[in-house]
1. Determine the pairs where a residue that is more than 11 Å from residue 51 (Cβ to Cβ), located within segment 181-202, has a partner that is open to solvent by 50 Å² or more (accessible area, probe 1.4 Å) and in a helix (DSSP H, G or I) with Cβ atoms under 8 Å apart, the partner being 6 or more residues away or on another chain.
2. Given the criteria within 16 Å of the ligand (Cβ to nearest atom), touching a strand residue (DSSP E or B) at 6+ places or on another chain (Cβ under 6 Å) and open to solvent by less than 30 Å² (accessible area, probe 1.4 Å), does residue 190 qualify?
3. Yes or no: residue 84 within 16 Å of the ligand (Cβ to nearest atom), assigned by TED's automatic domain parsing to the domain that holds residue 187 and of a type in the set (Asp, Glu)?
4. Can you pull out the residues in segment 109-156 that are on the phi > 0 side of the Ramachandran plot and among the charged types (D, E, K, R)?
5. Identify, by number, the condition in (1) at pLDDT 95 or above; (2) within 20 Å of the chain's Cα centre (by Cα) that residue 84 doesn't meet.
6. Give the residues of segment 271-305 that are open to solvent by 20 Å² or more (accessible area, probe 1.4 Å) and within 17 Å of residue 327 (Cβ to Cβ), sorted by residue number.
7. Just name the residue that is surrounded by the fewest Cβ atoms within 10 Å (Cβ to Cβ) out of those in segment 96-152 that are over 22 Å from residue 192 (Cβ atoms) and hydrophobic (A, V, I, L, M, F, W, C).
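The values are calculated or read from the model by the stated rules, or taken from the named source; none is laboratory data. Worth saying up front: this structure is predicted, and the values here are computed from it rather than measured. With ideal geometry, Cβ positions are generated from the backbone for all residues, glycine too; neighbour counts draw on all protein chains shown. When the accessible area is computed, the model is the full protein with side chains, heavy atoms only, and any ligands, DNA or RNA have been set aside. Shrake-Rupley method; radii C 1.70, N 1.55, O 1.52, S 1.80 Å.
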Amino acid sequence: MSKTIDLRSDTVSMPTAEMREAMANAEVGDDCYREDPSVNRLEAMAAEITGKEAALLVTSGTQGNLVSLLTHCRNGDEFIVAEDSHIVTTEAGDFAAVAGTSPQVAPSDRGILTAESIRSVLRRPYDAFPPTRLIALENTNNRGGGAVYPLSTLAGIRDLADELGITVHMDGARVFNAAAALQVPVSEVVQYVDSVTFCLSKALSAPVGSIICASKEFIETARRFRRMLGGGLRQSGVFASAGIVALETIPQRLPQDHANARRLAEGLGSITGISADPVETNMVYIDIDPAVGTAPQLVDELAARGVKCGAVYSDRIRLVTYHQITAEDIEATIAVAGEAVMALTSVPAGAQA
Ligand code: TLP
């Protein structure tokens, strides 16, 4: 196979020709003076799409989550979160190192919390316990296999947060995928949260950027924290313009990515030695039977045949679809995976690297 099929993440998605053209012709200004027309337009679009009062462009999902944590919490506060959440596991420990917060992990099913699971970890007010200030939800849930929060679950969590007088943040890096899966507008999904961060540079295929959407007051404070973290940019319209095209053109294509992911899981799951998790959005998680080999071994065999993906645990692999991955790429990947498993099983036991 000559073409490389890169399924490591939707972060490797490339800007479309239309995005590149918009970037080349972008109207720009100094965004720290709030004078970049492309940034202003992108933020206004994001606020409208999410149904929030205001929006703020940040450099990455990590920066968006960190700025949101800093805005919601004070040093010493705790936030409730599901195990394996990106915000805790994969953002370089910024919640502790920079925001001075600690996580209180609540049980979840595929990373999806419920009002009941959150209630189970609540503690009485006591001066030995950090004050619980925030619930942080991840939608879709990455390590949960791209799982989507049902709207009724979000409504229950909102009610609980109101009862407790605390706030709710959504790490909505892939909230457009969640909305596509539920077949509802994004505003319906995020109506239950005080703040949401979504990423332009993942399934939406823009080269750079994430956006925080929330109340006007929240965004004004968030702007100060963004500056504190070195995220006050100048002519950022050069990439905000690609974000505008992303919002205009990519969300309607996401159901195709989801169909490709479902077909990929079905094809891979039918190979002896591989089992696939249920697919809800654009992520496919597979487990490899230890009798066949380890996840890193299968990843290497696939890479040798032109398919890139990533081992997340010793027996678990993630593959992610996005708009440059075609239905033909999916069929080619399934065929290559069959060969890769065959190659592993033909190596005598004990001789594997
Ligand atoms: N996730 C990346 C890696 O860090 C694992 C990926 O390939 O999926 N929230 C969620 C749910 C994410 O999946 C990610 C990135 C982020 C936040 C952080 O976004 P960036 O990479 O823009 O800082």
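1. That search, which allows pairs on different chains as well, returns 182/188; 201/11; 202/11.
2. On the way: within 16 Å of the ligand (Cβ to nearest atom): yes; touching a strand residue (DSSP E or B) at 6+ places or on another chain (Cβ under 6 Å): yes; open to solvent by less than 30 Å² (accessible area, probe 1.4 Å): yes.
So residue 190 fits the description; yes.
3. yes
4. Within segment 109-156, the subset on the phi > 0 side of the Ramachandran plot is 110-111, 145-146.
Within segment 109-156, 110 is the sole residue that qualifies.
5. (1)
6. Hit for segment 271-305 is 279, nothing else.
7. 128
Residues are listed down the side, and each one gets a yes or a no for (1) away from the ligand (no atom under 15 Å from the Cβ); (2) open to solvent by less than 20 Å² (accessible area, probe 1.4 Å); (3) part of a loop (DSSP other than H, G, I, E, B):
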| site | (1), (2), (3) |
| --- | --- |
| 201 | no, no, yes |
| 204 | no, yes, yes |
| 208 | no, no, yes |
| 224 | yes, no, no |
| 234 | yes, no, yes |
| 239 | no, no, no |
